[in-house]
Each structure stands twice: as C-alpha cells, then as structure tokens.
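The values are calculated or read from the model by the stated rules, or taken from the named source; none is laboratory data. The shown structure was predicted, so the numbers you read here are calculated from the model rather than taken from an experiment. Cβ placement follows ideal geometry from the backbone for every residue including glycine, while neighbour counts extend to all protein chains displayed. SASA here: full protein model, heavy atoms, side chains in, ligands and nucleic acids out. Shrake-Rupley method; radii C 1.70, N 1.55, O 1.52, S 1.80 Å.
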Amino acid sequence: MKKMKIAYVGFGKSTNRYHIPYLQTRDNFEIVRIVTPTLMKNPEAQLALEATGTLFSTDIQDIIQDKTIDLVVVVSPAKSHVALAKQFLQAGKNVLLDKPAVEKLTEMQELVALAQDANLFFMPFQNRRFDSDFLTVKKMIETGYLGRVIDIQVHMDHFRPDDTTVTGSNFDGAFYGHGVHLVDQMVSLFGSPEKVQYDIRSTRQPLSTLDDHFAVDLFYPDHLKASVHATESALVPYPKWLIQGTKGTFIKQDVDQQENGLIAGIMPGTAGFGEDSPQAYGHLTYLNQNGDRIEKYIPSEMGDYGRIYDAAYETVINGAEKLITDAQMLRVIEILEGGFENG
C-alpha cells in the first residue's frame, strides 16, 4: 500500500490532539514535514516525531519545495487559512484546511476555483462527520424507523460563564467555531436548505462583539426543519440530538466521546477509546408495521476522526470522489456568512 506523505503547518493543540494521533494508528500515512513558528514549543512531541524521520522547520518554503509531499494540512490560526491555502494551491499542493476554513464565500470560491483549475485536492477538515453521535443519527434516518423526518435538532451546549467583555470578529465567535460543524452535518444529511433563519447573540456580556449563542433554522422541502444550536450558558444542556419523524422519535443525550478521551490524554488505538457506555445510547421510540409502540436503546456507532484522512487518501491516491463536495463546502460558508450579512 502506497504511503501518503503529509506535511503540517502548525504544531499546536489541534495538530497534536485531533490530527496526528489518528495517523499514528494507520500504516498508510507518513508525516514528512512540520512547519511551526516556534521550534521545541512541545519538545516531547517534536522529538518523538523527529525520531521517526519527520523534519521540523519554520519556513513554509520547505514544504513548497518538497516534491514528495502528497498533502499539506493547514492547522494554523484561522485568519491565516486563506493566504496559506492559496499559496500552497498555487504551488501545486493538495490541501486539507482546518476549520473554520474561511470567513467569506468569495474566499472559498477563490480556493475552490484554484484547486479545480489545477486539478488539485482541496477540502475542509470536517472531522465531526465522524462523530459517534452523528453517525448513529445518520444510521437512524437511513433505516427508516423514523419515517419521514420533519424536525431535527442538534445542540453543542456548554456552561462556560465569563464575566469579561470579549471582542473580536464574526470569524472568532461561536457560529463559525461550532456552527461550521453542525451546519455541515445538516448539509451532508439533507443537502442545501431552501431558507435559513438566524438567531445569533452575545448572551454572557451584552457589550461583547463576539457571539456565544446561536439557534439557526434550515428549511427543506417536504416540511423538514433542521435546527442547529449552541450556547455557552447551559448549566443543564439540551439533548445533543432530538429527531421527530412521521413514525418515530430519536433522542441522544450525550456527545461523542473522542474529544473527552483526547483531552484526558487517551489516544486512538487504546482499548475502549471513543466508545459510548450503554447508559449513553440513544433512545428510539417508533411504531412498527402493526402499529405497536416500540421503545429501545440504539448502540452507538463508532466514531473516528481519522476517517477524514482515509477519505483524503482515497481521493488523492486512488482517485475517488471527495467526501465533501465543492458545492457542500461553498454552501456551508454561505450559510455561516449569511448570519452576519445584516450585522
């Protein structure tokens, strides 16, 4: 099996938590280079990678000039994404761009056009398409237990009280930070909505210019409404998922466990990593063909953020279709930007 040679831009928390640990459980990837502004900021992790042959430097040109690299993964601060992705695409490199990829639709259109013109791979790192809870919801919809879905809600709630006034651009707020995942999940399930309604606010500090709360409704044909929510002020959170269909209801209280494991230092490949306990399984209530009311708990699908890399491998190395289409990535950014167009 051919190894995909990867270079990273950025060596902070995200690279070491959400990216590299998943590659280390796979045999068909090789981390060739890492460019970071500060060498030895994480000496233990850097030395471990250097021992396997990874080259570290501070110069982007080291990646651009390395003809062996199959994929550049940009995990730098979000405001640098557009310039870096454009630089790599113009240099003929395939690019996987961390979230939120860009702020404006015009920026995404430019990057997509550059990739298309040069026949290059370009895709955002939408790892939450491989959340355990999302994969379970997707399976519930596909099985038909719920009938025709008419209302679906997903929440990403926290309790993070904050007494300071926070300022920043729209790009720094909750809708771009959390909404980029939740909107992408809905677009991947149902396609492009016909209409979008927004409630985006700063709730912890009225004078803040940074949103920390949103409730956004996406309207689809056949009377389907998909709602994405997040708040930093939920001492008791809503269920993560609540789905109503013409034949049933599915409720999933808890989130995917991968992130909790990663934060605790439990890595992919460890026994039990990312698994839901039976107490966290989603609850399905539906009517069977005889009209009987059935209730049961649905074992959660296994999540795996590394499947983003598997998908990139299949496209770059084997010529498969991209996991996230250009139309999907453009529509997601259009929806995010639309939340602030009158602001």
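For the stretch 280-323, relative contact order (Cα pairs under 8 Å, six or more residues apart, normalised by length) works out to 26 percent.
In percent, rounded to a whole number, the relative contact order of the chain is 18, using alpha-carbon pairs under 8 Å and six or more apart. Over the stretch 303-342, what percent of the accessible surface lies on carbon and sulfur atoms, probe 1.4 Å? Ligands and nucleic acids excluded, carbon and sulfur give 41 percent.
Note down the Stokes-Einstein diffusion coefficient of the chain in µm²/s, whole number, using a Kirkwood radius over alpha carbon pairs, 4 °C, and 1.567 mPa s. Rounded, D is 61 µm²/s. Sorting 87-97, 122-132, 198-208 by their mean Cβ neighbour count within 10 Å, with the most densely packed peptide first, gives 122-132, 87-97, 198-208.
The lysine pair tally for the stretch 23-95, using Cα distances under 22 Å and a gap of 8 or more places or different chains, is 4.
Helix 179-190 axis versus longest C-alpha principal axis of the chain: approximately 60°, rounded to the nearest ten. Take every Cα pair under 8 Å whose residues are at least 6 apart in sequence, average their separation, divide by the length of the stretch 2-86, and the relative contact order is 41 percent.
Dipole size of the chain about its Cα centre, with +1 on Lys/Arg Cβ and -1 on Asp/Glu Cβ: approximately 380 debye, rounded to the nearest 20. Apolar share of the accessible surface for the stretch 218-280: 56 percent from carbon plus sulfur atoms, 1.4 Å probe. Pairing the Cα long axis of helix 326-338 with the longest principal axis of the chain, what angle in degrees results, from 0 to 90 and rounded to the nearest 10? Roughly 70 degrees between the two axes. The overall shape of the stretch 67-204 is oblate: from the C-alpha gyration tensor, with semi-axes ordered a ≥ b ≥ c, the ratio a/c is 1.5 or greater and a/b is no larger than b/c. For the stretch 159-203, the Stokes-Einstein estimate of translational diffusion at 25 °C and a viscosity of 0.890 mPa s comes to 194 µm²/s, using the Kirkwood hydrodynamic radius over alpha-carbon pairs.
Ignoring any ligand, DNA or RNA, what whole percent of the accessible area of the stretch 31-190 comes from carbon and sulfur when the probe is 1.4 angstrom? Roughly 50 percent of what the probe reaches on the stretch 31-190 is carbon or sulfur. The long axis of helix 81-90 is offset from the longest Cα principal axis of the chain by roughly 60 degrees.
Against the empirical 2.2 N^0.38 Å (N residues), the stretch 1-108 has a Cα radius of gyration ratio of 1.03. Each peptide among 171-178, 52-59 gets the average number of other Cβ atoms lying within 10 Å of its residues, and from highest to lowest they stand as 171-178, 52-59.
Return the Rg/Rh ratio of the stretch 198-258 with Cα-based radii and a Kirkwood Rh. Over the Cα atoms of the stretch 198-258, Rg/Rh equals 1.05. With all protein chains kept in place, the per residue accessible area of the chain amounts to 47 square angstrom at a probe of 1.4 angstrom.
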